[in-house]
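A quick write-up on the structure given underneath.
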Amino acid sequence: MKINAVLFWVIFLILPIRSISQINHVFYSLEEANTVHIDSVYHLELVKQKLTQFPEKLLTFKNLKHLNLSKNKLSKLPNELKNLVHLEHLDLSKNKFQLFPIPLCSTTSLKNLKLGRNEISQLPTCIGQLSNLEHLDIWYNNIAALPPSISQLKQLKTLDFRGVNLSEKTQAQIQAFLPKTKIEFDLGCDCGQ
């Protein structure tokens with residue numbers, strides 16, 4: 001009887017601690033993430049993995065909140081990205097995106113999106129659907145203007161627009177779209193506008 005009681009308390013006290021600790025655990029490879037139950041993966045850092053395609057395995061981690069895919073060679077994302085309904089932080093900086101990945105518009109749980117140092121030339125109208133977005137980082141892209149739908153991002157606190165050559169007039173227009181957002185610009189240029 002004593003052994004059963006001890007076993008009960010060990011299971012009752014230790015198992016929850018192990019699963020709670022997974023919330024704060026950072027996985028640095030898919031191989032490492034595959035060593036635990038898929039529901040235990042909350043934070044994945046796949047930086048400098050030379051990825052040219054989005055790993056489909058990532059879509060199985062339904063509780064994923066933080067995903068860092070920076071410094072890879074990605075150029076598109078799957079439509080199924082919207083199935084990661086808990087994804088709040090996504091870093092896609094320093095990849096090969098020439099177009100804004102449209103599947104991001106359906107990932108409405110996003111709070112922090114980093115797309116800096118890609119080759120994106122415009123943001124789509126659907127960006128206004130990211131109603132929970134608080135931080136948008138699009139530094140060093142070729143974006144000349146923002147769509148009016150950007151004003152729908154009522155939660156947006158910061159916008160990093162550094163490294164983008166914009167006239168002071170264009171900067172003022174962008175600030176008018178987002179009057180409550182702290183926007184980081186480089187010095188305005190005389191860009192013929």
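Of all residues in segment 5-37, which are modelled with pLDDT of 95 or more, part of a helix (DSSP H, G or I) and touching a helix residue (DSSP H, G or I) at 6+ places or on another chain (Cβ under 7 Å)? If the condition is that a residue be modelled with pLDDT of 95 or more, part of a helix (DSSP H, G or I) and touching a helix residue (DSSP H, G or I) at 6+ places or on another chain (Cβ under 7 Å), then LEU30 is the only one that fits. With respect to the stated conditions, SER75 is surrounded by 15 or more Cβ atoms within 10 Å (Cβ to Cβ), within 22 Å of ILE138 (Cβ to Cβ) and among the polar types (S, T, N, Q). Has segment 129-136 got at least one residue that is farther than 21 Å from LEU99 by Cα and either charged (D, E, K, R) or more than 18 Å from the chain's Cα centre (by Cα) (or both)? Yes, there is a match, as at least one residue in segment 129-136 is farther than 21 Å from LEU99 by Cα and either charged (D, E, K, R) or more than 18 Å from the chain's Cα centre (by Cα) (or both). Is it the case that some residue within segment 104-127 is within 23 Å of ASN141 (Cα to Cα), among the hydroxyl-bearing types (Ser, Thr, Tyr) and over 13 Å from the mean Cα position of the chain (by Cα)? Among the residues of segment 104-127, at least one is within 23 Å of ASN141 (Cα to Cα), among the hydroxyl-bearing types (Ser, Thr, Tyr) and over 13 Å from the mean Cα position of the chain (by Cα), which makes the answer yes.
The values are calculated or read from the model by the stated rules, or taken from the named source; none is laboratory data. What you see is a predicted model, and the numbers here were worked out from it, not measured in a lab. Note: ideal-geometry Cβ built from the backbone for every residue, glycine included; neighbour counts use all protein chains shown.
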